[in-house]
1. Tell me, yes or no, whether segment 319-341 has at least one residue that is aromatic (Phe, Trp, Tyr), closer than 22 Å to residue 514 by Cα, crowded, with 18+ Cβ neighbours inside 10 Å and at pLDDT 95 or above.
2. Working only within segment 213-228, note down all residues that are assigned to a helix (DSSP H, G or I) and hydroxyl-bearing (Ser, Thr, Tyr).
3. Which ones in segment 383-399 are within 18 Å of residue 468 (Cβ to Cβ) and touching a strand residue (DSSP E or B) at 6+ places or on another chain (Cβ under 7 Å)?
4. Identify, from the list 476, 446, 427, 422, the residue that is among the acidic types (Asp, Glu), at pLDDT below 95 and either more than 15 Å from the ligand (Cβ to nearest atom) or farther than 25 Å from residue 504 by Cβ (or both).
5. Sort out which residues of segment 38-77 are more than 30 Å from residue 372 (Cβ to Cβ) and either hydroxyl-bearing (Ser, Thr, Tyr) or in a helix (DSSP H, G or I) (or both), and write them in order of number.
6. Quick one: residue 185 ticks every box in (1) away from the ligand (no atom under 16 Å from the Cβ); (2) buried (at least 20 other Cβ atoms within 10 Å of the Cβ) bar one, so which box is it?
7. Pick from segment 78-89 the residues that are surrounded by fewer than 21 Cβ atoms within 10 Å (Cβ to Cβ) and not in a helix (DSSP H, G or I): which of them is farthest from the ligand (Cβ to nearest atom)?
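The values are calculated or read from the model by the stated rules, or taken from the named source; none is laboratory data. Worth saying up front: this structure is predicted, and the values here are computed from it rather than measured. Note that each Cβ is placed from the backbone with ideal geometry, even for glycine, and that neighbours are counted across all protein chains shown.
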Amino acid sequence: MGLIEDLAVQVRPLADQFARLGTPAQLGVAVGGFLFLSVFLNVLKQVLFKNPNEPPIVFHWFPFVGSTITYGMDPPRFFKENRAKYGDCFTFILLGKKTTVYVGPKGNDFILNGKIRDVSAEEIYTVLTTPVFGKDVVYDCPNSKLMEQKKFMKVALTTEAFRSYVPIISDEVTSYFKRCPDFKGQSGIVNIPPKMAQITIFTASHALQGKEIRDKFDETLADLYHDLDMGFSPINFMLHWAPLPWNNRRDHAQRTVAKIYMDTIKERRARGETGSQDMMWHLMNATYKNGVKVPDHEVAHMMIALLMAGQHSSSSTSSWIMLRLASRPDIMEELYQEQVKHLGADLPPLTYEDLAKLPLNQAIVKETLRLHAPIHSIMRAVKQPMPVPGTKYVIPQNHVLLAAPGVSATDAQYFPEPDLWEPHRWEKESPLAPSIVRNEQEDEEEKIDYGYGLVSKGTASPYLPFGAGRHRCIGEQFANVQLQTIVAMTVRLFKFRNVDGSNNVIGTDYASLFSRPLEPANIYWERRDKE
Ligand code: HEM
């Protein structure tokens, strides 16, 4: 039988069923009736069948859609409102999946320090990350291999390496502001987030991946990374496999970028290069515990992973810092005076050691991450039923767990006047100092080694912008050095204020996986010295 006849035979019963449904009006009534019935049954189920051994479910009208829209529009508000209604632990429906949120330090500990047999990050993230990063790294390998990969990355970030990064980052910042047409003249108005995204990629690629790779960002790499980025759209949790235009571009970009890194690795080897401080160099020379040298394709894929992990979080944070400074020109002036006082009026070239002499400069980053942590939701798949200590709840295996450390970071119980951006609160004597600073609790945290060096467990801390547990960030120190250097160099060159002179700050865009400022986020800039 031919293909057409074959298809006709398959389709006939369906066509007959539609014909039986009758006119479009009858069809409309049938669909309406079906919708009504499913909403009715869904509500009935929530009202009548509450399982006392599972966390309460956030009320929702529609099955599958559940609370997806209210959560997606403003996750922090969703967490706060439902915490007030249901307590620290509750479940909501996210695209058909039962997602259990557990906020507060206990919740952070339960999820982020969960045992490997209980929770899995890779099960959630691999569909998104593997097509972007490439095979055999991060969430496309057993967790024990990721722990080794994180160890290689962490070991590369030595004090010596940081010492070499500060001049690289400072020079990139100064030369960026010199050549960027939007900063020509004595003053102007600029939409700041795209500028900070560029500064972040130039500084990170140069410091972590070396000058050859950095130079390629002026040519091909910027567009290719943009295509890779599209693979991270939240819609790809469902459509990662689909042959859609943005996925085709993602796959092409992944192959091309990986090849650029692998060619660079070969060239560096052929040159017989020794003694570099960048991350690529360290990974090229790393060996797994089983004696296998890290293959070139894995080095290339880790390079992509590192740059992508750092790019979104650091560029969002630096944008928020600049917007906060524009809303508080007095703090920007204090930052400048701090440098004059501690480094000298001639403001000599910035060094790694100088950063430690600038406590307000450090606090700016800390306070901005408190209010604007770019990762608002950290998810894990539940591998087996998990009893919640101190409660009667058991989280079933088909649930997803969601930690939101931003909730405790903005809780008045831990941070007086939590919604106020006040970098001075990180000084011990400040009336707004959080208890973790007043009691010097930060240094006393319990430490644990998951295979990539000692990290604090974070069990008691309400402030975890870099996460906790086996998946904790290894880029924290790099991000701090990068952000503090960017801020210090920007403050040397400019004064910022809001265009309307107010103290307001723009809202947050939650449309992508990492939250960031809504755009346009314009600020008014003015040069300190004449050009
Ligand atoms: C993991 C935040 C910068 C590399 C994480 C996690 C958080 C985080 C919350 C935990 C995710 C989870 O538990 O699922 C941040 C913030 C940054 C930043 C707020 C900047 C302000 C960086 C940078 C790098 C980096 C610059 C690379 C140089 C990583 C890596 C992981 C990670 C490799 C481990 C993922 C895992 O083990 O599953 N980061 N990060 N991050 N971050 Fe960062």
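1. Kept after step one, since they are aromatic (Phe, Trp, Tyr), are these residues of segment 319-341: 320, 336.
Now drop any that are not closer than 22 Å to residue 514 by Cα, which leaves 320.
When the remaining residues are screened for being crowded, with 18+ Cβ neighbours inside 10 Å, the result is 320.
When the remaining residues are screened for being at pLDDT 95 or above, the result is 320.
For segment 319-341, residues aromatic (Phe, Trp, Tyr), closer than 22 Å to residue 514 by Cα, crowded, with 18+ Cβ neighbours inside 10 Å and at pLDDT 95 or above: present.
2. Narrowing segment 213-228 to residues assigned to a helix (DSSP H, G or I): 213-216, 221-228.
Residue satisfying the conditions is 225 alone.
3. Keep residues of segment 383-399 that are within 18 Å of residue 468 (Cβ to Cβ), which gives 386, 388-389.
Once the filter is applied, which keeps residues that are within 18 Å of residue 468 (Cβ to Cβ) and touching a strand residue (DSSP E or B) at 6+ places or on another chain (Cβ under 7 Å), segment 383-399 yields 386, 388.
4. Only one candidate passes the filter, namely 446.
5. 38, 39, 40, 41, 42, 43, 44, 45, 46, 47, 48, listed by residue number.
6. Failed condition: (2).
7. Checking each candidate, the answer is 87.
Residues are listed down the side, and each one gets a yes or a no for (1) within 13 Å of the ligand (Cβ to nearest atom); (2) at pLDDT 90 or above; (3) not in a loop (DSSP other than H, G, I, E, B):
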{"site": "455", "(1), (2), (3)": "yes, no, yes"}
{"site": "460", "(1), (2), (3)": "no, no, no"}
{"site": "465", "(1), (2), (3)": "yes, yes, no"}
{"site": "504", "(1), (2), (3)": "no, yes, no"}
{"site": "514", "(1), (2), (3)": "yes, yes, no"}
{"site": "520", "(1), (2), (3)": "no, yes, no"}
